1. Among the listed residues LYS72, LYS95, identify the single one that is away from the ligand (no atom under 11 Å from the Cβ) and not polar (S, T, N, Q).
2. So, ALA53, is that one over 19 Å from the mean Cα position of the chain (by Cα), assigned to a helix (DSSP H, G or I) and either assigned by TED's automatic domain parsing to the domain that holds ARG116 or within 14 Å of the ligand (Cβ to nearest atom) (or both) or not?
3. Filter segment 54-83 down to the residues that are exposed (fewer than 13 other Cβ atoms within 10 Å of the Cβ) and either among the polar types (S, T, N, Q) or modelled with pLDDT under 95 (or both) and list them by number.
4. Is it the case, given these coordinates, that VAL155 is crowded, with 17+ Cβ neighbours inside 10 Å and farther than 24 Å from ARG233 by Cβ?
5. Please find, within segment 95-122, the residue that is farthest from ALA11 (Cα to Cα) out of those that are at pLDDT below 95 and assigned to a loop (DSSP other than H, G, I, E, B).
6. Just checking, which of ASP139, ASP134 is within 22 Å of THR177 (Cβ to Cβ), buried (at least 21 other Cβ atoms within 10 Å of the Cβ), modelled with pLDDT under 95 and more than 11 Å from the ligand (Cβ to nearest atom)?
7. From the residues in segment 216-241 that are in a loop (DSSP other than H, G, I, E, B) and among the aliphatic types (A, V, I, L, M), which one is farthest from the chain's Cα centre (by Cα)?
8. May I ask you to list the residues in segment 82-92 that are within 11 Å of the ligand (Cβ to nearest atom) and in a helix (DSSP H, G or I)?
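The values are calculated or read from the model by the stated rules, or taken from the named source; none is laboratory data. Because the structure is a prediction, the values reported are computed rather than measured. Here the Cβ positions follow ideal geometry from the backbone for every residue, glycine too, while neighbour counts run over all protein chains shown.
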Amino acid sequence: MTGPVVVAYGAGVDSTALLIGLHQDGIKPDLILFADTGDEKPATYAYLPIIAAWLARVGFPPLTVVKNPRPKSGDQSLSDSCLRLGTLPALAYGKHQCSLVWKIAPQVAFLKTWPRAMEARAAGHPVTILIGYDNGPRDTARRYRAEGKAMPGCVNAFPLIAWGWDRAECKRQITRTGLPLPVKSACFHCPASKPEEIRALQATTPALYAKALLMERTARARGLRRIAGLGRRFSWESVTAQMSLLPVTGESEAA
Ligand code: SF4
C-alpha cells in the first residue's frame, strides 16, 4: 500500500475487531474515521472513549469523528432532518440515501481536504479504505457490492475477510484483547432494527424510543402512504403495542 491507510470505523463488533487485527499484524493506520449521524445509540457513544483509550495505548491515531458536512438546515442529526421534512430514514423506503448522506458523505468530504489524501492523489496513489466486513456469508456478499463503490480516489479493502474472521471470531478477538463487546452499531431508529431491538430500545432508552415514534407520527401526519412506518411493512408503534397486550411475567394479577 503506497497511499495512506484509513479505517472506516463503525464502532461495532466487526470494525473493532478490524483495529485489533491490524494491531496484531503490525499495521498502523494513518487515519481512523468515525461518521456520527447524531443518532448513534447511547451505548455506541459510550464505547467511543473506550476504544479511544485502547487506540492511545497501542499507539494508533485517535478517532477522527466526522459529521454530515452540509446540514443546509442546521439539522444536527438524521432524526432532526426526518422530523423537519416529515419523512423517515431512506432505508424505510428501501433506499440507502440516509447512510450515503450521513455516513459516507462526511468521510468523503473529510478525505477531500485531508493533506495525506491530497498528496497521495497528486502522486497518483489511491487511499486504501479498510472496511470491517466479516467473513460470514452476509458480509461477503456486501463486500462484492462495495468493491466497485469506493469513494473518489480510494480503493476498498476487507481485511477481516482476508483473515477469515467471521463474527464469532471477531467477538473472540475483542474479548481476548480485554475490550468489552460493542453493541450493534446503527442509528437508534434504524429501519433495519428487529422487533426485539425495538422493544429493547423502549425498555432501555424510552426518550429515544419516543423520538422514533414521533418520527413515524410526523411522517404519517405529513402524508406517509407507501409504507407502514419505520419497519417499512409495520410501524414501530404496532410492535410495542402488541407487546403491551402480553401479560407481564411475574406480575401479580391482584396487584
Ligand atoms: S444506521 Fe440505518 S438509519 Fe442510520 S444511516 Fe444507516 S441505514 Fe440509515
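1. LYS72
2. Considered against the rule, which asks whether it is over 19 Å from the mean Cα position of the chain (by Cα), assigned to a helix (DSSP H, G or I) and either assigned by TED's automatic domain parsing to the domain that holds ARG116 or within 14 Å of the ligand (Cβ to nearest atom) (or both), ALA53 comes out as yes.
3. ARG70, LYS72, SER73, GLY74
4. Working: crowded, with 17+ Cβ neighbours inside 10 Å: no; farther than 24 Å from ARG233 by Cβ: yes.
It is false that VAL155 is crowded, with 17+ Cβ neighbours inside 10 Å and farther than 24 Å from ARG233 by Cβ.
5. LYS95
6. After applying the criteria, what remains is ASP134.
7. My answer is LEU224.
8. CYS82, ALA90, LEU91, ALA92
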